[in-house]
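The values are calculated or read from the model by the stated rules, or taken from the named source; none is laboratory data. Here the structure is a predicted model, which is why all the values come from computation and not from measurement. Positions of Cβ are backbone-derived with ideal geometry, glycine not excepted, and every protein chain shown enters the neighbour counts. Ligands, DNA and RNA are stripped out before the accessible areas are found, and what is left, the full protein with its side chains, is counted by its heavy atoms. Shrake-Rupley method; radii C 1.70, N 1.55, O 1.52, S 1.80 Å.
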Amino acid sequence: MPRRIGWRGAGLGNEIFPWAKAYLASRELGFRLARPAWGLNRRDYRHEFGTSRLDWVGHAALRMAMPVVTVTDEMVRSTGETDYGTAMRLLDTEYRWSQRRSLILLHQGMSGGHLGIERARNYLRNELLGHLPEDGCPEDWGPDAGQLRVAVHIRLGDFSQHSTGPKPGVFNRRLPFAWYRWVLDTLQGHFGEMLHVDLVSDDPIKATRMLPEWSGCTARSRTILEDLSIMATADLLVCSVSTFSMLAAFLSDAPYVWYRPHLHEQGGFLSIWGYPPEQQGRTRADIRREQQIGGPLPARGVAVDVDGELPSWLTGFLMTKAALNRRSADLVHCGVVPERDPLLTVD
């Protein structure tokens, strides 16, 4: 059973961690998985997931009727394992939870990050995605829509606003609108009319007011699962410093852009989580692994500063992606392909 973060729960980007941990434990130990109870969540996620306002009562009743064991961070760290499911399997050899006839295992918190719940990624994709809006923009359905689809997440709401954006280790702060505009203007300079932008925000009216030139398809509020599906299926993500953006990047396979001043520098490399003591060992190990590769390779996460440039490999990749989006050259869309591919070479 996943334990809510706080009394009434938190945002979806936070709540997926105890949910994914409970899923991994259920797979390893053969327990039945209790899905999250959304009824108390102030963001009304119960509407998104089709649950009752009183679903939390069932969870509470189970916890009163059965023995409860809360899996703590100390327990997980004692195994020396990063993967949460593997840690559960090792802990079960000591505590023998799976041999109990009646027991609730309660999983909590965000420790371990996305790396710890990596094996739950496909499960979360199946549960959270597949909610694209059906009433898209008219240009989405043109006869030859060879466009580059970019999803931009602008977190407003309860995020504080400062004259500068968040520094390394600082969260819950808005990014400067100047940075968003710079990234989008740079993309437009490369891709022109091929560029299709979806603004995703918890306050879409304010977001479109601040970036009116990019507000084409954000006239109405969307559900959180629609927003997440749009971001996870985009060709490129422009992220805010938020767990929701991280969730979208985690579920997506596309490259994403991150605000450069927020990243921690260590040994010539940048990271989001390189500053906490418990993460430094992992960061150093990844630095050594990247150094052993012997040369710079493209990375999904792209650090861009205000007035910064996009790396040439990314613009080349996105140009190829836009070309692959052409429906006139897509056979299953009644398109055509050359009889002899001009890009093939013959020895």
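Split the accessible area of the chain by element, probe 1.4 Å, and carbon with sulfur accounts for 52%.
Under 5 Å between amide hydrogens, built in the peptide plane, is the criterion, and for Val68 it picks out Ile104 among residues at least 5 positions away or on other chains.
With the highest mean first, a sort of the peptides 307-317, 149-159 on other beta-carbon atoms found within 10 angstrom per residue produces 149-159, 307-317. Within the shell of other residues whose beta carbon sits under 14 angstrom from the beta carbon of Ala60, the net charge comes to +4, with Lys and Arg scored +1 and Asp and Glu -1. Which net charge results for the neighbourhood of Met319, defined as the other residues with beta-carbon distances under 13 angstrom from its beta-carbon, given Lys and Arg at +1 and Asp and Glu at -1? So the environment of Met319 carries a net charge of +1.
Measuring with a 1.4 Å probe in the full set of protein chains, what accessible area per residue, in whole Å², belongs to region 197-320?
Ligands and nucleic acids excluded, the figure is 47 Å² per residue.
Evaluating 6.51 cos²θ - 1.76 cosθ + 1.60 at θ = phi - 60° for every residue in region 299-304, the Karplus couplings come out as 10, 4, x, 10, 7, 10 Hz, glycine and proline recorded as x. Dividing the mean sequence gap of close Cα pairs (under 8 Å, 6+ apart) by how many residues region 151-282 holds gives a relative contact order of 29 percent. Think of the chain as a dipole: +1 on every Lys or Arg Cβ, -1 on every Asp or Glu Cβ, centred on the Cα centre; then among Phe177, Ile287, Phe49, Phe49 lies furthest on the positive end. In a fully extended conformation the segment linking Leu331 and Asp44 would gain 99.1 nm over its present Cα-Cα distance, using 0.36 nm per residue.
At full extension, Leu324 and Arg63 could sit 88.8 nm farther apart than now, given 0.36 nm per residue minus the alpha carbon distance. Under 1.5 on a/c is rounded, so check that first for region 28-123, then, if it is not, pick prolate when a/b is larger than b/c and oblate when it is not; a ≥ b ≥ c are the square roots of the alpha carbon gyration tensor eigenvalues. Cα axes put region 28-123 in the oblate bin. The amide H of Gly301, built 1.01 Å from its N in the peptide plane, has Tyr256 as neighbours under 5 Å, considering only residues 5 or more places off or on other chains.
Under a 5 Å amide H cut-off, with hydrogens placed 1.01 Å from N, Asp198 pairs with Val150, Ala151, Val152 among residues at least 5 apart or on other chains. Assuming charge only on the beta carbon of Lys and Arg (+1) and of Asp and Glu (-1), the dipole of the chain about its Cα centre is about 1600 debye to the nearest 20.
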